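The values are calculated or read from the model by the stated rules, or taken from the named source; none is laboratory data. Everything quoted here is computed from the prediction, not taken from an experiment. Methodologically, a virtual Cβ is constructed for each residue, glycine included, from the backbone with ideal geometry; neighbour enumeration extends over all protein chains shown.
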């Protein structure tokens, strides 16, 4: 079996986007059960110097769809737009990223592997190939933010287990 860039990125991103969407559902149900304002969870952090749950969810979308769009355009810069402040907006962010990934053509995506791609933030510029950017920068960030979103909810008392993070496994048929 030939393993392509598409295979290394898109199916796993879709799996974890589904997980994060489920985390939002669980957060919303938890807040409703406890009579909490949504902001109590959306603004929750693991530590004072870390960004909150809402930012983590936004970043999952940014490092999936946004990372791919960055490779297509030759440059990725982190979005400085604010994250959604309600559960519906967080769901929308994840839904848009999922729809964009589901629409990707495998052949077109694999052609991005050698595309010159730059990460830029202010004066800092880092050159990559498309594959190296997606696999060594965007994907680790994607998983970091998904894991942090999960951990924030756990720390707030939301009942989550490992299965809630794994999502829909792609098993042999």
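Quick notes on this one:
- Being surrounded by 12 or more Cβ atoms within 10 Å (Cβ to Cβ), at pLDDT 95 or above and not in a helix (DSSP H, G or I) is not true of residue 109.
- Extreme residue, nearest to residue 4 (Cα to Cα), among residues of region 112-134 that are part of a loop (DSSP other than H, G, I, E, B) and in contact (Cβ under 8 Å) with a residue 60 or more places away in the chain: 113
- Boolean, residue 165 is at pLDDT 95 or above and surrounded by 16 or more Cβ atoms within 10 Å (Cβ to Cβ): no
- Checking each residue in region 67-84 for being in contact (Cβ under 8 Å) with a residue 60 or more places away in the chain and either in a helix (DSSP H, G or I) or more than 16 Å from the chain's Cα centre (by Cα) (or both) picks out 67, 68, 70, 71.
- Residue list for region 24-54, restricted to those being surrounded by fewer than 21 Cβ atoms within 10 Å (Cβ to Cβ) and part of a helix (DSSP H, G or I): 25, 26, 28, 29, 30, 31, 32, 33, 34, 38, 39, 40
- No other residue among 58, 32 is under 14 Å from the mean Cα position of the chain (by Cα), without any contact (Cβ under 8 Å) to a residue 40 or more places away in the chain and on the phi < 0 side of the Ramachandran plot apart from 58.
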